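This report refers to the structure that appears directly beneath it.
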Amino acid sequence: MTERNAPGTGDVPWAAGCGVMAVVALICAMLGAFLDIVLVVRAQRHCLGELDAGEGLAGFVWAASRLVVLPVVACGSALASLPISLIAHLPRFAGHGWLKAVLLAPAVLVAVAGPAAAVLYDVASGGGAGGCVPPCRPAWPPL
């Protein structure tokens with residue numbers, strides 16, 4: 001390895017920028033899938049009561065699909081927020097801590113937006129079966 005292509009101190013912030021979005025995507029994928037499954041199952045139990053074997057199997061298959069779909073959505077959101085994160089790690093902005101924080105906040109919000117939208121959609125579409133409105137559910141999501 002020559003001195004020209006050796007990793008330098010300037011490479012660490014770029015790698016940290018990618019690492020932050022990867023951690024955000026991983027947390028959103030895990031927590032989003034868990035929250036999605038719990039909210040929809042509780043709403044369906046409230047509306048439908050006890051499930052028979054066929055409905056239970058269908059719910060299990062749906063929950064397994066959420067364990068696949070939400071990580072994909074979280075990775076897509078993290079990739080969409082990566083340009084904002086990488087801009088925040090440019091040398092011009094890296095010297096100013098407050099400016100870097102201001103640029104990283106929208107990057108994290110974009111990374112969280114995809115899984116949050118997926119959870120809201122699933123709760124709005126699958127949570128109120130047959131026009132039943134679960135308790136503590138706001139009136140603004142469509143049924």
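The values are calculated or read from the model by the stated rules, or taken from the named source; none is laboratory data. All values reported here derive from a predicted model rather than from experimental measurement. We place every Cβ from the backbone using ideal geometry, glycine too, and count neighbours over all the protein chains shown. Side chains included, ligands, DNA and RNA excluded: accessible areas come from the protein's heavy atoms. Shrake-Rupley method; radii C 1.70, N 1.55, O 1.52, S 1.80 Å.
Miscellaneous remarks
- Residue 42-residue 125 pseudo-label distance in nm [points 7 Å out on the Cα-to-Cβ vector]: 2.2 nm
- Karplus-derived 3J(HN,Hα) values for segment 44-58, using 6.51 cos²θ - 1.76 cosθ + 1.60 with θ = phi - 60°, are 5, 5, 5, 7, 9, x, 6, 8, 7, 5, x, 5, x, 5, 4 Hz; glycine and proline are entered as x.
- If you sort 52, 122 by accessible surface, 1.4 Å probe, largest first, the order is 52, 122.
- In terms of its Cα atoms, segment 54-123 spans 59, 17, 13 Å along the principal axes, sorted from long to short.
- Using heavy atoms of the protein chains and a probe of 1.4 Å, the accessible area assigned to residue 61 is about 90 Å².
- Accessible-area value, residue 34, 1.4 Å probe, nucleic acids and ligands omitted, Å²: 140 Å²
- Per-residue HN-Hα couplings for segment 99-109 [Karplus 6.51, -1.76, 1.60; θ = phi - 60°; Hz; x = Gly/Pro]: 5, 5, 5, 5, 7, 6, 4, x, 5, 5, 5
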